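Since the structure comes first, as structure tokens, the remarks are kept for the end.
Computed from the coordinates by the stated procedures, all read-outs in this text should not be read as laboratory data. In this text, all values refer to a predicted model and were calculated from it rather than measured experimentally. All Cβ positions, glycine included, derive from the backbone under ideal geometry; neighbour counts span all protein chains shown.
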Amino acid sequence: MLAALLGILYAYLSVYIISIGAAIAVPANILAPIAKVPPTFAFALVDMITTALPLIMVYFLFAFIVKYFNSNKHYLPFLVLLAPFCFQHIFFFINIGQSQNWLFTIGTIMPRYIVIVFFALYVAKKAANQAKA
């Protein structure tokens, strides 16, 4: 129950965190080395730094809370914590509408979601291994 409530809170906070991450003005001297690589990779790297890292930190905080109150040490609450976020962002992605360039859109935002999902799976797998021990 706690994981589901925190998951809904995480989904709502993710919109706020992503909007702040998108509004961050990155100075040109920091972007200059990144600008030498292909633009899709450069934007994906900046997106992972400005949005994925804060989202991972919030997920880690909520996972710590779930772990503290989770008495049976099962991995399922950690996946329930991520489920509302995934459903919400799949809904957002479906309703984007006609993007100018789907390859660029997918190439810049998918690494963020891949990193977050891998981190969540790592936390769930760690919890499952601790339950076995």
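The modelled label-to-label distance for the pair CYS86/LEU53, using points 7 Å beyond Cα in the direction of Cβ, is 2.6 nm. Distance between the modelled labels on TYR122 and ILE106, one decimal in nanometres: 2.6 nm (7 Å Cα→Cβ projection). Shown is the FRET efficiency for ALA32 and LEU61, computed with R0 = 41 Å from the Cβ-Cβ distance and rounded to the nearest 0.05: 0.80.
On a 0 to 90 degree scale, rounded to 10, what angle separates helix 102-132 from the longest Cα axis of the chain? Result, in degrees: 20. Once you divide the Cα radius of gyration of the chain by 2.2 N^0.38 Å, the number left is 1.17. Taking the C-alpha atoms only, the angle from helix 53-69 to the longest principal axis of the chain is near 0 degrees.
Stretched out straight at 0.36 nm per residue, the stretch from ILE96 to LEU5 would grow longer than its current Cα-Cα span by 30.1 nm. Our helix-only sum for the chain, with -39,500 (n - 2.57) per DSSP H run of n ≥ 4 divided by its residues, gives a mean residue ellipticity at 222 nm of -25500 deg cm²/dmol.
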